[in-house]
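A short reminder: the numbers here are calculations on the coordinates, not readings from a lab. No experiment lies behind these values; they were computed from the predicted model shown. No Cβ is skipped: glycine too gets one built from the backbone with ideal geometry, and neighbour counts run over all protein chains shown.
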Amino acid sequence: MAKLQYLVIHCTATPEGREVSAADIRRWHTSPIPTGRGWRQVGYTDLFHLDGSVERLVDNNEDGNVDPWEITNGAAGYNSVSRHIVYAGGCDASMRPKDTRTEAQKEALKKYVLDFHAKHPDVRIVGHNQLAAKACPSFDVPQWLQEIGIKA
Ligand SMILES: [Zn+2]
């Protein structure tokens, strides 16, 4: 069990306006290769739907430690010290990276991140692209944190 160090924000890398279900994510991540990635666990703790509802994919007791049963597979090398969250979207119709967050998703993400930060002020909040050479989550997390009043 390790101390929680990162809250990592992801996108599902799916086209703008398309809903993604928990079952979709489970299939992508835990189905055997080549259908899925063959992981034992999904990549994210919470999923932000287009309508702003938040669905918990993996149990979490909200404390400052990452218990073995809370680990999700969002970013290689960081999973034992991270919580991963994801919004449905992140690509345009041609599958190019795009900030497709709906107003409802932005509001829900803001509320979640502010609550999280109040509870865990020492945990760094980052985009997946700050930990790996990826476009995910298709928006500038440090700039957004500043907009919502969190010093990155
Ligand atoms: Zn990601």
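The tail of the calculated P(r) for segment 76-128, taken as Cα-Cα distances beyond 14 Å, holds 63 percent of the pairs.
Every pair of different Cα atoms in segment 104-152 enters the Kirkwood calculation, which places the hydrodynamic radius at 11.3 Å. Spin-label pair residue 140-residue 92: with each label point 7 Å from Cα along the Cα-Cβ axis, the two points sit 1.8 nm from one another.
Taking 132, 88, 75 as the candidate residues, the one with maximal mean-square fluctuation in a Gaussian network model of the chain, Cα springs under 10 Å, is 132.
Label-to-label distance for residue 27 and residue 147 is 3.2 nm, based on points extended 7 Å past Cα in the beta-carbon direction. Multiplying the residue separation of residue 3 and residue 107 by 0.36 nm and removing their Cα-Cα distance gives an extension gain of 34.7 nm. For segment 30-111, the C-alpha radius of gyration divided by 2.2 N^0.38 Å, with N the number of residues, is 1.20. From helices alone, the chain scores -6500 deg cm²/dmol at 222 nm; the rule is -39500 (n - 2.57) for each run of n ≥ 4 DSSP H residues, then divide by the residue total. Starting from the Kirkwood Rh over alpha-carbon pairs, what translational D in µm² s⁻¹ does segment 2-147 have by Stokes-Einstein at 10 °C and 1.306 mPa s? Rounded to a whole number, D works out at 104 µm²/s.
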